[in-house]
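The structure under discussion appears below in the form of structure tokens.
The values are calculated or read from the model by the stated rules, or taken from the named source; none is laboratory data. All values reported here derive from a predicted model rather than from experimental measurement. Note that each Cβ is placed from the backbone with ideal geometry, even for glycine, and that neighbours are counted across all protein chains shown. Ligands, DNA and RNA are stripped out before the accessible areas are found, and what is left, the full protein with its side chains, is counted by its heavy atoms. Shrake-Rupley method; radii C 1.70, N 1.55, O 1.52, S 1.80 Å.
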Amino acid sequence: MPKFGMVIDLEKCTACQACVVACAVENNLPPGNINDAQMNRIIRWLKILPISEAKGGIFKMTLIPFTCQQCSRPPCTYVCPVSATYKNPDGIVAQVYWRCIGCRYCVNACPYTIKFFNWYEPENPYKENANPDVSIRENGVTEKCLFCHHRLQRAKEAAKYENREIGVDEYQPACVEACPTKAIVFGDIEDAQSKVAELSHSPRAFRFLEELGTAPNITYLKEIK
Amino acid sequence: MTTEGNIQRIESKVLQSIIIKPSIGYRFFILVCVFFISLGLFFWIKQITLGLGVTGLNTPVFWGVYIVNFVFFIGISHAGTLISSILRITDTQWRTPFTRMAEAITVFSLPFGAGSVVIDLGRPDRLLHPLNFPHLTSPIIWDVLCISTYLITSCLYFYLALVPDIALCRDRLKNVSLFKQNIYKTLSLGWKGTPNDWKTLNKILTGMSIFLFALVISVHTNVSFVFGMTLKPGWHTAVIGPYFVLGAIYSGVATVIVVMAILRRVYSLEEIVREEHFQKIGKFLLTLCCFWFYFTVVEVLTTFYGGESAHMIVFKAKFFEEYAVIFWLMFVLNFIIPFAVLSNFFSLIKHRTIPNMVIVSIIINIGMWLERYSIIVPSGARPYLPWQTGHYLPTLTEWSITLMLFSGFFLLLGVFIKFFPIITLWELKESIHTSNPNKSEKN
Amino acid sequence: MVRRFILALIVVFIIYYFSMKPPEIKQPLNFNHKAHTDLLIECIACHRDAESQREAGIPNIETCELCHNSKNIPLWNITSHSLKGYITEKRQIPWERIYKIKDHTLFSHRRHIGIARIDCRVCHGAVKEMTESIIRPSIEFSKQRGMNNCVDCHKKERVVTDCLMCHR
């Protein structure tokens, strides 16, 4: 079984936010309005995490594309009372909107605060142009990045229909495709030949809140100073 | 005066509360409760149709006032079980006048605790999912199991202890409406008061007390596990279990004092619920107050000494920043004022009088509500990663629904006292019987 | 009192039962499946996407025209007046959709027919014997609705039971 992971090279990343837009469009995310923004209720599965430092009178801002870390030991899945969120066989932390009761326990349990709740019936400006592979979420459920799981499904289905193995680059999440500088690399971490596996062992590699024991599958590569 | 005559008099005094016509004050009280309940229902329907966006909750602060209410109501429900079951096992005498009301508070506050969670759900239509598709590693499932067991057990316990008194009502109250007479007839289950009946009842109640004792501890520990099992700074601590249990009992006992003092005044039960009873329960409250202080210090000191960065951010928010007002107000209301009053701290005059204790108890309940608030909200507002830190202000919807829960609780209590005796008469009789021979010896 | 209550319950149940029955849907044309399959035309000849796409697809007027406006069956030979109208006017027949699946589930015909090779009959019933238009879902379909039935078969056939595969 593959274990999908991602490497984000902060040296290459220009924080252009193309990935943010690609993600939102691919997954039919509501664009949000001014009230949502005021209440901090905008839903972006992938967003830019600003980390500001002030050292010796110099202010420095690092902008980091941040999405669900697809932990190997995800704290959110343990606390769900109805198994709406769980670790699926592909190593993706899944969320089933139709099962979710909206208790928001998983969102609280997530140390990255990167799961989202639909506070209202989400507006859908996409109408018939919405991605048919992804449902429009309902009012009162939690949602999160699924590593564009529908793309994996499509790739698997096509491969099986044509009776062959799934190709290496056949499955790529929308954010990876959209990245103009190829800062995001995606693939199977367990496959030692893959570029992801190689990069995730780079000396520049670090992971967020690894000390909590969540074992995230998204690796970041530090900027070269 | 003979013991029998004494008992007769007490009985008619207590039953008086059922017979007398409701006063204007009582009617007004019921009306206010009904008003707030309908107001809350209106807002609740609005929330169900529009979504949880009508609350002040937002992205880092996912849990707010509703969860605070949940913990609070489950908390005050612990008083009943504690006073009537644990003190029954240890055979403490001063509990007798308080038992009935304490149990009533348990039974009537639990549905509102459980109801708060339902109100908090994003999809209340999927309420039965946790039962149909339970995921057993979730503390919420543990809670569902614990609280439903607790609700059923305490209802049964409450009812069984009520049966002899209902039978008494059936036999004594012939002038009340037919409706009430029918209720007494049905609910008394043909109780005759034979020695065999008493033996069975005592056996069941003692057995259940032991079971309830275990439940009291487990229920509120489980409520705390909902927070303690996550990695959130401020929640993820081992002390949160006992801290919650203690806090629950603290606010519960305070609630019993308030309710009992009001009923004593309204139905002039000074003879039955005597000053000494209040003094004893006041000392008990003082003990709980000291324990509360101890747990708070332990928790705060551990966090501070560890100095872990994420935990310290929450700690600072609570102590000095946005939530400092709530935290320090909570500390004053929960410890400084109650301790000063209950321990006769400025011992020139005696502070531990009944009116003072009522005020202190109300203060404690407000303080305990704030305590839950200051545990739940700041941890939400200060997540691990430097996202835009959240702010949370409850909206009108949340306040009205909170008011609805409280008035629902008071309404149930108010209706109850018009139907059933507010003092466990048979236990009172027992205690008079057992204490009287001693008195005559002394004399 | 009790009797009246029971009577009321029975009435409610009867109303409930009848309201649960799927309503009939009127189709614009009377389509005879049997007449077509008797000519040994396979399902997939008209429902062309059944093997390769998510949705099997309802044939468009051009598909009808392949036969009904050809040398074998010239246009003047069609007995159905309305079909003639649709073909001459080049209008699509407004078929009503019968088989609907809720938005949150994903049912792929490709997976079930193209890959797993399940007979259409398993869900759609004896369409080959039908002489009139389909106006309500087949009994087989109604029986197999509900997630438990899906999961039962998936377990029996030892195929994936990951929720995310069907729920999106």
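List of remarks:
- Net length gained if the chain between B:Phe35 and B:Arg172 were fully extended (0.36 nm per residue, minus Cα distance): 45.8 nm
- Equivalent-ellipsoid semi-axes for the stretch B:1-58 (Cα gyration tensor, √(5λ), whole Å, largest first): 47, 14, 8.
- Residue among A:Cys148, A:Cys110, A:Ala94 farthest towards the positive dipole end of the stretch A:19-173, charges placed on Cβ: A:Cys110
- Relative to the longest principal axis of the Cα atoms of chain B, the long axis of helix B:99-120 makes an angle of roughly 30 degrees.
- A convex hull fitted around the alpha carbon atoms of chain B yields 171 Å³ per residue.
- Think of chain C as having a plus end and a minus end, set by charges on the Cβ of Lys, Arg, Asp and Glu; of C:Val12, C:Val2, C:Gly57, C:Val2 sits farthest toward the positive end of this dipole.
- Chain C contacts chain A over a buried accessible area of about 1900 Å², both sides summed; the probe is 1.4 Å and only protein chains count.
- The residues of chain B present an accessible area of 43 Å² per residue when probed at 1.4 Å with all protein chains retained.
- With all protein chains kept in place, the per residue accessible area of chain C amounts to 74 square angstrom at a probe of 1.4 angstrom.
- Antiparallel bridges, percent of DSSP beta bridges restricted to the protein assembly as shown (to nearest 5): 85
- Where labels lie 7 Å past Cα in the beta-carbon direction, separation of A:Thr181 and B:Phe42 in nm: 5.6
- Charge dipole (the stretch A:19-173, unit charges on Cβ, about Cα centre) - positive-most of A:Phe59, A:Met39, A:Leu29: A:Phe59
- On the principal axes of its alpha-carbon atoms, the stretch B:1-106 has extents of 68, 39, 16 Å, going from largest to smallest.
- When chains A and B come together, the accessible area they lose, probed at 1.4 Å and totalled over both chains, is close to 3800 Å².
- Ordering B:Tyr150, B:Tyr26 by accessible surface, largest first, gives B:Tyr26, B:Tyr150; the 1.4 Å probe counts only protein heavy atoms, with every chain in place.
- Solvent exposure of the stretch A:19-173 as accessible area per residue, Å², 1.4 Å probe: 39
- Pairs of Cα atoms nearer than 8 Å and 6+ residues apart set the relative contact order; for the stretch A:19-173 it is 21 percent.
- Neighbourhood net charge (15 Å Cβ-Cβ; Lys/Arg +1, Asp/Glu -1) for B:Ile152: -2
- Residue-count net charge about A:Ala155 - beta-carbon cut-off 10 Å; Lys, Arg +1, Asp, Glu -1: +1
- For q = 0.15 Å⁻¹, Debye-computed log10 I/I(0) when each Cα of the stretch A:19-173 counts as one equal scatterer: -0.89
- Accessible surface for C:Ser133 stands near 20 Å², nearest 10, in the context of the full protein assembly shown (1.4 Å probe).
- Listing of the stretch C:154-168 residues, each with accessible area lower by at least 30 Å² in the full protein assembly than in the chain alone (probe 1.4 Å): C:Asp162, C:Cys163, C:Leu164, C:Met165, C:His167, C:Arg168
- Membrane-span-like helices in chain C, defined purely by DSSP H runs whose alpha carbon atoms cover 18 Å or more axially and whose average Kyte-Doolittle hydropathy reaches 0.0, are C:2-20.
- The protein assembly as shown, accessible surface, carbon-and-sulfur percent (1.4 angstrom probe): 64
- The dipole here belongs to chain C: it is taken about the Cα centre, uses +1 on the Cβ of Lys and Arg and -1 on the Cβ of Asp and Glu, and is about 580 debye.
- Area accessible to solvent at B:Val258, 1.4 Å probe radius, in Å²: 20
- Complex-versus-alone comparison for the stretch A:199-225, residues with a loss of 50 Å² or more in accessible area, probe 1.4 Å: A:Leu212
- Relative to the dominant Cα principal axis of chain B, helix B:139-172 is inclined by about 20°.
- Over 28 Å (Cα to Cα) - which of A:Lys115/C:Lys102; A:Lys12/B:Lys316; C:Lys100/C:Lys128; C:Lys84/C:Lys128 fall in this group: A:Lys12/B:Lys316
- Low-density loop positions, trypsin sites (Lys or Arg not before Pro), the stretch C:37-109 - DSSP coil, at most 13 other Cβ in 10 Å: C:Lys71, C:Lys90, C:Arg91, C:Arg97, C:Lys100, C:Lys102
- Dipole moment magnitude, nearest 20 debye, the protein assembly as shown about Cα centre, only Lys, Arg, Asp, Glu C-beta charged: 1960
- Gyration tensor (alpha-carbon) shape descriptor, the stretch B:171-267, a/c threshold 1.5: prolate
- Counting all C-alpha pairs of the protein assembly as shown, share separated by more than 56 Å (%): 27
- Heavy-atom accessible area ranking, 1.4 Å probe, most first, across A:Glu26, A:Glu11: A:Glu11, A:Glu26
- Local net charge near A:Val185, Cβ-Cβ under 14 Å (Lys/Arg +1, Asp/Glu -1): -3
- Restricting the calculation to Cα atoms, the stretch A:75-116 shows an Rg/Rh of 0.92 when the hydrodynamic-style radius is the Kirkwood one.
- A loss of 40 Å² or more of accessible area (1.4 Å probe, protein heavy atoms, ligands and nucleic acids excluded) relative to the isolated chain is seen in these residues of the stretch A:156-192: A:Glu157, A:Tyr161.
- A Förster radius of 45 Å combined with the Cβ-Cβ distance from A:Lys160 to C:Lys90 puts the calculated FRET efficiency at roughly 0.70.
- In the stretch B:44-199 the Cα-Cα distances spread across 5 Å bins starting at 0 as 2, 8, 12, 14, 15, 14, 11, 9, 8, 5, 2, 1, 0 percent of all pairs.
- If R0 is taken as 30 Å, the Cβ-Cβ distance between B:Phe213 and B:Ile19 corresponds to a FRET efficiency of 0.25.
- Helix B:396-417 and the long axis of chain B differ in direction by around 10°, with both axes built from C-alpha atoms.
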